[in-house]
1. Divide by every residue of the chain the summed helix terms, -39500 (n - 2.57) for each DSSP H run of at least 4, and state the resulting mean residue ellipticity at 222 nm, rounded to the nearest 500 deg cm²/dmol.
2. Would you kindly calculate the translational diffusion coefficient of the range 3-237, applying Stokes-Einstein with the Kirkwood radius from alpha carbon pairs, for 37 °C and a viscosity of 0.692 mPa s, and quote it in µm² s⁻¹ without decimals?
3. Check the straight Cα-Cα distances from residue 192 and name the aspartates and glutamates below 17 Å, setting aside those fewer than 8 residues away within the same chain.
4. Using a 1.4 angstrom probe with every protein chain in place, what is the largest-first accessible-area order of 116, 43?
5. How do 122, 50, 39 rank by accessible surface area computed with a 1.4 Å probe, from largest to smallest?
6. What does the accessible area of residue 146 come to, in Å² to the nearest 10, when a probe of 1.4 Å is used?
7. Once neighbouring chains are kept in place and the probe is 1.4 Å, which whole percent of the accessible area of the chain is contributed by carbon and sulfur?
8. Cross-link candidates for residue 126: which lysines have Cα within less than 30 Å, leaving aside residues fewer than 8 places away along the same chain?
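The values are calculated or read from the model by the stated rules, or taken from the named source; none is laboratory data. No experiment lies behind these values; they were computed from the predicted model shown. Heads up: the accessible areas ignore ligands, DNA and RNA and are worked out on the full protein's heavy atoms, side chains in. Shrake-Rupley method; radii C 1.70, N 1.55, O 1.52, S 1.80 Å.
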Amino acid sequence: MSKNQILSIKEEDTMLSENLRDVEKKIEGACIRSGRNPKEVTLIAVSKTKPVEMLQEAYDAGAREFGENKVQEITAKYDQLPQDIHWHMIGHLQRNKVKYIVDKVKMIHSVDSLRLAETIDKEAQKKNVVVPVLIEVNVAEEDSKFGLSLEEVVSLIEAVSKLPNVRVQGLMTVAPFVENPEENREIFRSLKKLSVDITAKNINNVTMSVLSMGMTNDYEVAIEEGATMVRVGTGIFGARDYSR
Ligand SMILES: *Cc1c(COP(=O)(O)O)cnc(C)c1O
């Protein structure tokens, strides 16, 4: 390795930890602005497409919560990285792949059908685990996105609440990509309102302790509107390269 290569890797290292600190500071700022305790907000480092070396750097800089959207990527990275990492499945999940991750993930953020929840329940029973899940809501009703409409959420939660090895702990949304994050404020507000309405229903086995919303572009606004988990990829790891 040339001296320049070594230098550029070192620079990337410090950049990553600086990015992480920067995001943490902005989270804190958003919490203070909205009268919230920064401890209420968990930063999930979204590491999809990134090599394990970069995840290890983020780990060394203190990150323990990682988000991935592909089953294969979770299982591969799971074996290569420290065991105290909490893995979050944040992408669309196919039922035939549930068995590979059900005992490896801390939380599945993307439950959007009873059939998927039933599969998670069945596979969780086999492994003797209880899986925390979030219900994915397509608040903006974009055709391109997964998730339920606001109106469909309560009946799905009522059905999922009866599955013994699945625990609904809250809601998740992926807001549209917008130039100005303020444009998504109303979406975050709607999801928060829905979670308050569901809490009031006191459904057995269901809590609304988690609101997973906000990405690189809009996580500060999401926190101001009540997010308890923000999913930040680009802001920590830099832009993703899908060409490889
Ligand atoms: C990729 C992804 C993110 C992170 O997106 P960034 O804009 O890079 O922060 C968050 N949530 C989900 C569901 C994703 O797929």
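1. -13000 deg cm²/dmol
2. Working: Rh = 18.2 Å.
Approximately 180 µm²/s, per Stokes-Einstein.
3. Partners within reach: 40, 136, 141, 151, 152, 182, 183, 218, 220, 224, 225.
4. Solvent-accessible surface, decreasing: 43, 116.
5. Working: 122 115, 50 25, 39 180 Å².
Largest accessible area first, the list is 39, 122, 50.
6. So the heavy atoms of residue 146 present about 100 Å² to solvent.
7. Carbon and sulfur together cover 49 percent of it.
8. Residue 126 reaches 48, 70, 77, 97, 99, 104, 106, 162.
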